[in-house]
Amino acid sequence: MNLYEYQGKEIFRKFQIPVPDGYVVSSPSEVKSYTSPVVVKSQVLIGGRGKSGGIKFAKDQATLGNAVKELLGSKVRGLTVSKLLIEQMLDIRKEFYLSITLNRTERKPMLIASVAGGVEIESVPETEIFRKSIDPIVGYSDFIGRQLTKFMKFDAQLAKQLRAILPKLYQVFEKYDCELVEINPLVLNGDGKLIAADSKVIIDSDSLYRHQEFPKEDPERTPLELEAQSKGYSFVELEGVIGVIANGAGLTMATLDALLLHKGKPRNFLDLGGTDSTDIVVEAFDLVLKANPKVILVNIFGGVTKCDTVAAGIVEAKKKYGIKQQLVVRLSGVRETEGREILKQNGIVAFSEMMPAVEKVVSFAGGA
C-alpha cells in the first residue's frame, strides 16, 4: 500500500525526522493566510508531479489561492487531485537520495543513498550509489552510518545530522512493515540543515491488519477495482477495448504486451490465479463484463488451473450473462484436449498458441 506524501511526512514527524512545516487542504476555504513563500503539492500516488504540472510555487496570497483552485480537481497523469500539501518553500543548496528498501534476493532490508538526489535512483550511475544490506536480527548500527557518510564525503556537521536520521528511518521501516521508505530529495538548506523535502512510504499490504490507522481501501482504485479486490482478484482497469482474463501475473502481463505489440488496446488486467473452480471463472467474467469491453480474450496455460475447468466456466458464464462480445480463447497445458472439446461443443474455438489468439482478438476489436 502506497502512502501519500503528507501521510509519510506525518510518520517522519513522529520519529523526529526533519520535514518542512506544512498542512493539507481539500478545498480552497481551508487555505491559511499567506506568511511566507510556499510550495503547493498535488497529493497523488505517482512520481514526476513537478514535470506534469502538479506542483506550484506561491510568493503571495493571490498566487497561493490561484494555485490551490487550479490544482484541486485537476488531473496529474490521469489521477484526480483531491488533496494538496502546502509547505514552506525550502532554500535548497544541495539534494541527496536516501532510502531503505527490501532486498528480496538477500531477504534483508537495504540502505541505498546517493549524493545525486531529486532524480530517479535508476538513472544514477552505480559508482554514485551506496548500497548496504542490514541484518534484520542485528538491525541498524552506527557503523553503517559511518560507512555512508564517508562514501558521501560529508563534513562533521552533515555527517552528524545524517547519522541521526538513519536509525529513525530504519525504525519507520520496521514499525510499519515497509517495503520502501524513501526520501528524495533529502535537502541541504541554506542554514546547513538536512530536511526531508519529500516522502515515499510503501507498506506491505499483508500487514495492514496491524496498522488500523490506515484505510484498507486504496483511494486511487476505481469502484470496479475495489470490488475485484474484495473478491480476491488482481484487477486493473485500462483504457482499451479488449477484455483480458489470464492465469498468473506473468502470463497476464505477457498477454497485455502481446496485444500492444499487435496494436491492440487492453481494457483490463485480470489475473485468474491458480484455481480449479468454475465459479471463480464465472465471477471473473462478471468483473470483465462490467468493464464493458468490445471483445474478450481468455489466455490460459494450464497447471494448477485445469483447462477443462476454465472451459466449463466460460460456457457457464456465456449462458449466465448472455455474452454478446466475440470470445477468443487460448487453452494450453493440463487437460487442454478436454477443454477444447467442451468449447467446441458450445460453438467456441480455442487456440493452442497465444499469438494466433492475440491476432484474432485484435482483428475482432478493429472491426467492432
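All of the numbers you see were taken from the coordinates with simple rules; none came from a lab. The structure presented is a predicted model; accordingly, all values stated were derived computationally and were not measured. Cβ: placed from backbone, ideal geometry, glycine included. Neighbour counts: every protein chain shown.
Things to note:
- Phi-based couplings in Hz for region 121-136 (Karplus 6.51, -1.76, 1.60; Gly and Pro marked x): 4, 5, 8, 8, x, 4, 5, 9, 10, 9, 10, 8, 6, 10, 5, x
- Where only DSSP H runs of four or more residues are counted, the chain gives -10500 deg cm²/dmol as its mean residue ellipticity at 222 nm, each run worth -39500 (n - 2.57).
- Mean Cα-pair separation over length for the chain, i.e. relative contact order, pairs under 8 Å, 6 or more apart, %: 12 percent
- Helix 249-261 axis, angle to the chain major axis (alpha carbon atoms, nearest 10°): 80 degrees
- Basic side chains Lys and Arg get +1 at the Cβ, acidic Asp and Glu get -1 at the Cβ, and with that the dipole of the chain about its Cα centre reaches some 560 debye.
- Cross-link reach list, lysines versus Lys294, counting only Cα pairs under 20 Å and skipping chain neighbours closer than eight places: Lys263, Lys265, Lys318, Lys319, Lys320, Lys324, Lys360
- Neighbour net charge for Lys59 - beta-carbon separation under 15 angstrom, K R +1, D E -1: -2
- Cβ-based charge dipole, the chain, positive-most Cα from Gln171, Ser199, Asn247: Ser199
- Estimated from the Cβ-Cβ distance and a Förster radius of 30 angstrom, the FRET efficiency linking Lys108 and Tyr209 is about 0.80.
- Sequence of Lys132, Lys108, Lys41 once ranked by neighbouring C-beta atoms within 10 Å, starting from the fewest: Lys108, Lys132, Lys41
- Over region 92-210: Kirkwood hydrodynamic radius from C-alpha pairwise inverse distances, Å: 14.6 Å
- Packing-based ranking of 333-339, 282-288 yields 282-288, 333-339, ordered from highest to lowest mean Cβ neighbour count within 10 Å.
- In summary, region 21-88 shows an alpha-carbon radius of gyration equal to 1.00 times the 2.2 N^0.38 Å reference for compact globular proteins.
- By the beta-carbon count within 10 Å of each Cβ, the least crowded to most crowded order of Ser36, Ser27, Ser199, Ser277, fewest first, is Ser36, Ser27, Ser277, Ser199.
- Cβ-based net charge around Val328, under 11 Å, with every Lys or Arg adding one and every Asp or Glu removing one: +1
- Estimated FRET transfer efficiency when R0 is 25 angstrom, pair Asp257-Ile92 (beta carbons, to 0.05): 0.05
- Overall dimensions of the chain by Cα: Rg and Dmax, Å: 25.2, 78
- Residues Phe214, Phe351, sorted so that the one with the fewest Cβ neighbours within 10 Å comes first: Phe214, Phe351
- From the Kirkwood radius over Cα pairs of region 223-367, Stokes-Einstein at 25 °C and 0.890 mPa s returns a whole-number translational diffusion coefficient of 168 µm²/s.
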